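The values are calculated or read from the model by the stated rules, or taken from the named source; none is laboratory data. None of these values were measured; they are calculated from a predicted model. Every residue, glycine as well, gets a Cβ built from its backbone with ideal geometry; the counts of neighbours run over all protein chains shown. Note: accessible area is taken over every heavy atom of the protein model, side chains too, but ligands, DNA and RNA are not part of it. Shrake-Rupley method; radii C 1.70, N 1.55, O 1.52, S 1.80 Å.
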Amino acid sequence: MFRSFAFFYGTANYAMFLLVFLYAIGFVSGVGVPWHVDNGVPTPWPAALAINLVLLSLFAVQHSGMARPAFKRWFTRIVPAPLERSTFVLATNLVLVLLYWQWRPLPMVVWNAEAEAARWLLHGLAAVGWLLVLASTFLIDHFDLFGVRQSWRAALGRGPTPSAPFVTRALYRIVRHPIMLGFLIAFWATPTMTVGHLLFAGVTTGYILVAVKYLEERDLVAQFGDTYREYQLRVPMLLPWRRPVEGSVADAPRMPARSL
Ligand SMILES: C[S@@+](CC[C@H](N)C(=O)[O-])C[C@H]1O[C@@H](n2cnc3c(N)ncnc32)[C@H](O)[C@@H]1O
C-alpha cells in the first residue's frame, strides 16, 4: 500500500511541478497564460503592493524554511523520509499556484523596448535563462531535486536514497549557482518592464542573493566542508566575470553550520 502511494505521490507532485514550471515561463513573460505578472484583478496600488509582497514572502518562507536541514529532521518525524522532498515540491507548487492566481498588476511602464529586434533579443535572453535553469537541474540530479528518485526507490522497496554527489562540472565550473543565475536572467530580460514586473524581479533577486549566500552556502559548507570552501575560492558565485575571492582554504571564512 505504502509503496503504491509513494509511487503515485512522487509522480503526481513531479507532474504538477512540470506544469507549474511551464506556467512560470508564461507568468513572467506574459505570454500564453490568463494570469501573469502584468494581468490580474485591478487593485489600487497600495493594496496591490501589499498583496504581492505577502505572496513573495510566503514563497520565501516556505522555500527556505522547508529546505533547512533542521526543518527536514523535524519534518521526517511526521512524513516518511523518502517522501520529504516530494512534499517540499508539493508545497512549492501550491505556493506558486497561489502567487500566480492572486498576483495583482502594477501596470505603469518603467521601460519599453520598441525596436522589434530588441524585443526579440530580450525574449531570446529570457529563454536562455529558462534553459539554463533546466539544464543545471540535470547537472545536479534532476530527479533527486524534485523528489522522484526518493519516492520511486521507496516504491521499489529499496533502502534509503544515497545523497546526490557534489557537482563542479560544466555550468557548475563557471558559476556556483547556475540555476539561480538562470532565474535572474529570465526575470530581468523583458522588453516591457512594468512596476509589477520590477517588483517581482527586484524582490526575487534580493531573496536569491540572501538565500544563496546566508542559507544554502552555509549548509553546503556544513555538508562538504573544505571541498566547498575550496570551490568558493575557485568559482564565482553568480556572475562568471566576477573573480572569486583570492586566498587559500585556510583563509576561507569559516561559516558556522546553521542550527536552523
Ligand atoms: C534549487 S537547487 C539550487 C542549486 C544552486 N544554488 C544553483 O543555483 O544552481 C538547491 C539544491 O542544490 C544543492 N546544490 C547546490 N550546489 C550544488 C553542487 N555544486 N553540487 C550538488 N548539489 C548542489 C543544494 O544542496 C540544494 O539541495
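Annotations
- Bins of 10 Å from zero: percent of alpha-carbon pairs in the chain: 7, 26, 33, 24, 9, 1
- Those chymotrypsin sites (Phe, Trp or Tyr not before Pro) in region 137-177 that DSSP places in a loop and that have at most 16 other beta carbons within 10 Å: F166
- Calculated log₁₀ intensity ratio I(q)/I(0) where the Debye formula runs over C-alpha points of region 9-152, q = 0.10, 0.19 Å⁻¹: -0.44, -1.23
- Fraction of accessible area attributable to carbon and sulfur, the chain (%, probe 1.4 Å): 71
- With contacts taken as Cα pairs under 8 Å and at least 6 residues apart, the chain reaches a relative contact order of 24 percent.
- Helix runs (DSSP H) in the chain reaching 24 Å along axis by Cα, Kyte-Doolittle at least 0.0: 2-29, 45-67, 84-102, 116-140
- Expected 222 nm ellipticity per residue - DSSP helices of 4 or more, -39500 (n - 2.57), all of the chain, to 500: -20000 deg cm²/dmol
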